[in-house]
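Please read the structure below before turning to the comments.
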Amino acid sequence: MSVIDNGKVAFVTYTGTFPESGEVFDTNVGGQPLAFLVGYRNMIEGFEREMMGATEGESRSFTLTPERAYGYRDEAMIQEIPRAQFPAGQPIEPGMVMAAYSDQGPVQFTIDSVNDEIVRVDLNHLMAGKTLHFEVTVNSVRDADEEELLHGHVHGPGGVDHSQKADDCDDSGCGCC
Ligand SMILES: [Zn+2]
């Protein structure tokens, strides 16, 4: 029987909650299984570690503190941007999540505060500083093919579809875009 290990493609169903409130922040229950290539940083490291050796049909639950999830918040990641750099008619409110394109690719940020001149944006990952709890069930595990290992991601259902380059490209350096 296949078990989750480096170089395998794992399909899982998961629910992620914040342990303090019990609030669900992400789940794919009732939808398509999540596919990831194990050992290629498709997932946060703590998640992979906890799932290593799991067999098909096995369920595991675990809690990741920030250092094993998305890291701690860094106050240096809060930056001030002139209001004029945002489109004039665009509403900007504290707590809004926005996306922009940088030299390093797309970045998501949260509006911290705003006045007529300055927008304070928080570039920390939305999950930075959070402890995350996961309930995960392994749907199936298969060997990765050579091309998947070369690209560092899964192809086919639940993975990257290179026939739809622009939409599905995850900018992982596989040369598809
Ligand atoms: Zn690929």
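No value in this document is a laboratory result; all are computed from the given coordinates. What you see is a predicted model; the values in this text were computed from it and never measured. Neighbour counts run over all protein chains shown; Cβ positions are idealised from the backbone, glycine included.
With +1 on each Lys and Arg Cβ and -1 on each Asp and Glu Cβ, how big is the dipole of the chain about its Cα centre, in debye rounded to the nearest 20?
Details: 11 positive and 30 negative charges, 42 e Å.
Once rounded to the nearest 20, the dipole reads 200 debye.
With a 10 Å Cβ neighbour count serving as the proxy for reagent exposure, in which order, fewest first, do Phe47, Phe36 appear?
Working: Phe47 20, Phe36 23.
Ordered by Cβ neighbours within 10 Å, fewest first: Phe47, Phe36.
So what is the relative contact order of the chain, in percent, for Cα pairs below 8 Å that sit 6 or more residues apart?
On the way: 341 pairs, mean separation 53.1, N = 177.
Normalised by residue count, the contact order of the chain is 30 percent.
Note the full-extension length gain between Glu67 and Ser102 as 0.36 nm times their separation in residues minus their Cα-Cα distance, in nm to one decimal. Write out the running numbers ahead of the final one.
Working: separation 35, 0.36 × 35 = 12.60 nm, distance 2.56 nm.
So the extension gain works out to 10.0 nm.
Give the whole-number value, in cubic angstrom per residue, of the convex hull volume spanned by the C-alpha atoms of the chain.
Numbers: hull volume 26.4 nm³, N = 177.
With only Cα atoms used, the chain gives 149 Å³ per residue.
Step through the residues of the stretch 85-102 one at a time and calculate ³J(HN,Hα) from phi using the Karplus curve (6.51 cos²θ - 1.76 cosθ + 1.60, θ = phi - 60°), rounding each to whole Hz and writing x for Gly and Pro.
Karplus-based 3J(HN,Hα) across the stretch 85-102 equals 7, 9, x, 4, x, 7, x, 10, 9, x, x, 5, 9, 10, 10, 9, 10, 10 Hz.
So for Lys130, Lys8, fewest C-beta neighbours within 10 Å to most, what's the order?
Values: Lys130 20, Lys8 16.
Lowest count first: Lys8, Lys130.
Starting from the amide H of Val114, placed 1.01 Å from N in the peptide plane, find each other amide H under 5 Å away whose residue is 5 or more places distant or on another chain.
Distant-sequence amide H within range of Val114: Arg120.
Got a sec? How would Met96, Met51, Met43 order by Cβ neighbour count within 10 Å, fewest to most? Each step should come with its number before you reach the end.
On the way: Met96 14, Met51 24, Met43 18.
Ascending Cβ contact count within 10 Å gives the list Met96, Met43, Met51.
Once you mark the GluC sites (Glu not before Pro) that are in a DSSP loop and have at most 16 other Cβ atoms within 10 Å, what is the longest gap between them in the chain?
On the way: sites that count: Glu20, Glu23, Glu56, Glu58, Glu117.
It runs 118-177.
At q = 0.16, 0.21 Å⁻¹, work out log10 I(q)/I(0) for the stretch 75-122 with the Debye formula, treating every Cα as an identical point scatterer and leaving solvent out; two decimals please.
Reported log10 I(q)/I(0), two decimals: -0.41, -0.72.
For the stretch 75-122, give the magnitude of the charge dipole about the Cα centre (Cβ charges: +1 Lys/Arg, -1 Asp/Glu; no others), in debye to the nearest 20. Intermediate results must be reported in sequence, preceding the final value.
Numbers: 2 positive and 8 negative charges, 30 e Å.
So the dipole magnitude of the stretch 75-122 works out to roughly 140 debye.
If you take the charge dipole of the chain about its Cα centre, with +1 on Lys and Arg Cβ and -1 on Asp and Glu Cβ, which of Asn6, Thr17, Pro94 is farthest toward its positive end?
Going by the charge dipole, the pick is Thr17.
What is the spin-label model distance, in nm, from Ile44 to Glu56 if the labels are put 7 Å beyond Cα along the C-beta direction?
2.9 nm
Where the convex hull is taken over the Cα atoms of the stretch 1-53, what is its projected area averaged over directions, in nm²? Walk me through the numbers before you get to the answer.
Details: hull surface 17.0 nm².
Convex hull of Cα atoms, orientation-averaged projection: 4.3 nm².
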